[in-house]
Amino acid sequence: MRIQLDIFKDDPVRMAKANRDAADHALSDKQFTESERQERAAYYTREAERWEFSAALGGQQINGAKEPRA
């Protein structure tokens, strides 16, 4: 089930920064093994890159939908 995001609270730039911070934290989280820390950091880094891509598009849909012409 997908959760609808709030366009004001879930700003792509803010979400990318939050995921970068989570990736940094994941590398030093001692409750996980080294391989788990690397996997978690890689996941958060991928999510950050996805949000950064979304921010670069200016919030446009990534699914390839074209805007209607007037």
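The values are calculated or read from the model by the stated rules, or taken from the named source; none is laboratory data. Nothing here was measured: the structure is a model prediction, and the numbers come from that model. Backbone-built Cβ (ideal geometry, glycine too); neighbour counts: all protein chains shown. Side chains included, ligands, DNA and RNA excluded: accessible areas come from the protein's heavy atoms. Shrake-Rupley method; radii C 1.70, N 1.55, O 1.52, S 1.80 Å.
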Exercise for the section: Name the one entry in GLN38, GLN4 that is out of contact with any Phe, Trp or Tyr (no Cβ under 7 Å at 6 or more places or on another chain) and modelled with pLDDT under 75. Expected result: GLN4
Fill in the blank from the handout: Considering residues that are of a type in the set (D, E, K, R) and in contact with an Asp or Glu (Cβ under 7 Å, 6 or more places away or on another chain), the number found within segment 16-47 is 1
Completion exercise
Reported set for segment 15-33 where residues are touching a helix residue (DSSP H, G or I) at 6+ places or on another chain (Cβ under 9 Å), outside any helix (DSSP H, G or I) and open to solvent by 50 Å² or more (accessible area, probe 1.4 Å) is LYS30, PHE32
